[in-house]
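**Student:** Here's a structure for you.
The values are calculated or read from the model by the stated rules, or taken from the named source; none is laboratory data. As the structure is a prediction and not an experimental result, all values here were calculated from the model. Don't worry about glycine lacking a Cβ; one is built from the backbone with ideal geometry, like all the others, and counts go over all protein chains shown.
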Amino acid sequence: MKKLAAVLATLAIPLFGCSSSVELKVPLDPQEYATCPGQGSNTITGSTFGRTKGGAIMSAAGRIVHLDKWTKYAHAAYYEIREKQVKDSFFREEHEGETVKFDPTMFKCRRQATVGLDGSFRFEHVPSGEYFISTYISWLNSDHWAGVWSVTHIRVKDGEAIPPVVLSGFHYPGR
């Protein structure tokens with residue numbers, strides 16, 4: 001009986017949790033990922049946190065922040081995540097990989113940083129270019145998990161000051 005319950009529980013996740021995963025309509029162009037940004041002279045700093053519907057601030061300490069090269073495919077992926085997050089309250093970290101189906105090539109050029117105890121993060125040696133900075137923060141409410149993807153688009157130019165980035169929700173102006 002326990003085995004049957006375990007099998008049914010496993011089946012319930014895809015059936016009820018993320019039955020509405022999104023296939024991206026924009027094909028990945030391998031040429032956009034043929035070369036990854038090398039070393040540059042810029043530093044991106046920032047902080048990140050989550051905010052509950054009630055306005056409480058949730059720590060992001062220990063979470064991973066991603067720095068992804070801007071491509072048409074990445075643009076479409078983050079747009080779909082934002083749309084899914086706005087429309088679907090069942091957007092939980094353990095299912096985020098199933099929510100939008102990514103071509104793994106998207107992660108070829110990804111850099112990562114770990115959020116410090118104070119919510120800060122830092123990317124050094126970033127070359128000029130356009131990037132997405134993102135993180136996922138989740139927390140346990142009284143009886144369920146909640147969370148939010150935080151994403152922003154940034155342009156970096158050598159010699160120009162980069163103001164600190166604050167990730168606290170979707171700040172994605174599009175293009």
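**Student:** Would you confirm whether or not the stretch 156-175 contains a residue that is surrounded by 14 or more Cβ atoms within 10 Å (Cβ to Cβ), more than 15 Å from Phe49 (Cα to Cα), at pLDDT below 90 and touching a Ser or Thr at 6+ places or on another chain (Cβ under 8 Å)? Before the answer, list the steps.
**Tutor:** Step one: filter the stretch 156-175 for residues surrounded by 14 or more Cβ atoms within 10 Å (Cβ to Cβ), giving 156, 162, 165-172.
With more than 15 Å from Phe49 (Cα to Cα) added as a condition, the list becomes 156, 162, 172.
If we keep only those that are at pLDDT below 90 as well, we get 172.
Then drop every residue that is not touching a Ser or Thr at 6+ places or on another chain (Cβ under 8 Å), which leaves 172.
Yes - at least one qualifying residue is present in the stretch 156-175.
**Student:** Mind listing just one residue for me: the one in the stretch 109-143 that is of a type in the set (Asp, Glu) and within 20 Å of Gly159 (Cβ to Cβ) and, of those, surrounded by the fewest Cβ atoms within 10 Å (Cβ to Cβ)?
**Tutor:** Glu124
**Student:** Can you tell me which residue within the stretch 100-115, out of those that are part of a loop (DSSP other than H, G, I, E, B) and under 13 Å from the mean Cα position of the chain (by Cα), is modelled with the highest pLDDT? Before the answer, list the steps.
**Tutor:** Here is the first cut: in the stretch 100-115, the ones part of a loop (DSSP other than H, G, I, E, B) are 102-103, 108-110, 115.
So of that shortlist, the ones also under 13 Å from the mean Cα position of the chain (by Cα) come out as 102, 110.
Numbers: Phe102: 81, Arg110: 94.
Among those residues, the one meeting the criterion is Arg110.
**Student:** Scan the strands (runs of 3 or more DSSP E) fully inside the stretch 123-168 and keep the ones with 1 or more residues being in contact with a Lys or Arg (Cβ under 9 Å, 6 or more places away or on another chain). Spell out the reasoning first.
**Tutor:** On the way: elements: 129-140, 145-156, 165-167.
In the stretch 123-168, 129-140, 145-156 are the strands (runs of 3 or more DSSP E) which contain 1 or more residues that are in contact with a Lys or Arg (Cβ under 9 Å, 6 or more places away or on another chain).
**Student:** Find all pairs meeting these conditions: Cβ atoms under 6 angstrom apart; at least six residues apart or on different chains; first residue within the stretch 60-78 and under 19 Å from Arg155 (Cβ atoms); second residue modelled with pLDDT under 95 and among the small types (Gly, Ala, Ser).
**Tutor:** Taking only residues 6 or more apart or on different chains, the pairs are His66/Ser134; Asp68/Ala74.
**Student:** Another one. State all residues of the stretch 16-38 that are modelled with pLDDT under 50 and either surrounded by fewer than 10 Cβ atoms within 10 Å (Cβ to Cβ) or in contact with a Pro (Cβ under 9 Å, 6 or more places away or on another chain) (or both); if no residue qualifies, say none.
**Tutor:** Of the residues in the stretch 16-38, the ones modelled with pLDDT under 50 are 16-19.
Once the filter is applied, which keeps residues that are modelled with pLDDT under 50 and either surrounded by fewer than 10 Cβ atoms within 10 Å (Cβ to Cβ) or in contact with a Pro (Cβ under 9 Å, 6 or more places away or on another chain) (or both), the stretch 16-38 yields only Phe16.
**Student:** May I ask you to list the residues in the stretch 39-75 that are small (Gly, Ala, Ser), at pLDDT 90 or above and surrounded by 14 or more Cβ atoms within 10 Å (Cβ to Cβ)?
**Tutor:** Selection gives Gly40, Gly46, Ser47, Ala60, Ala61, Ala74.
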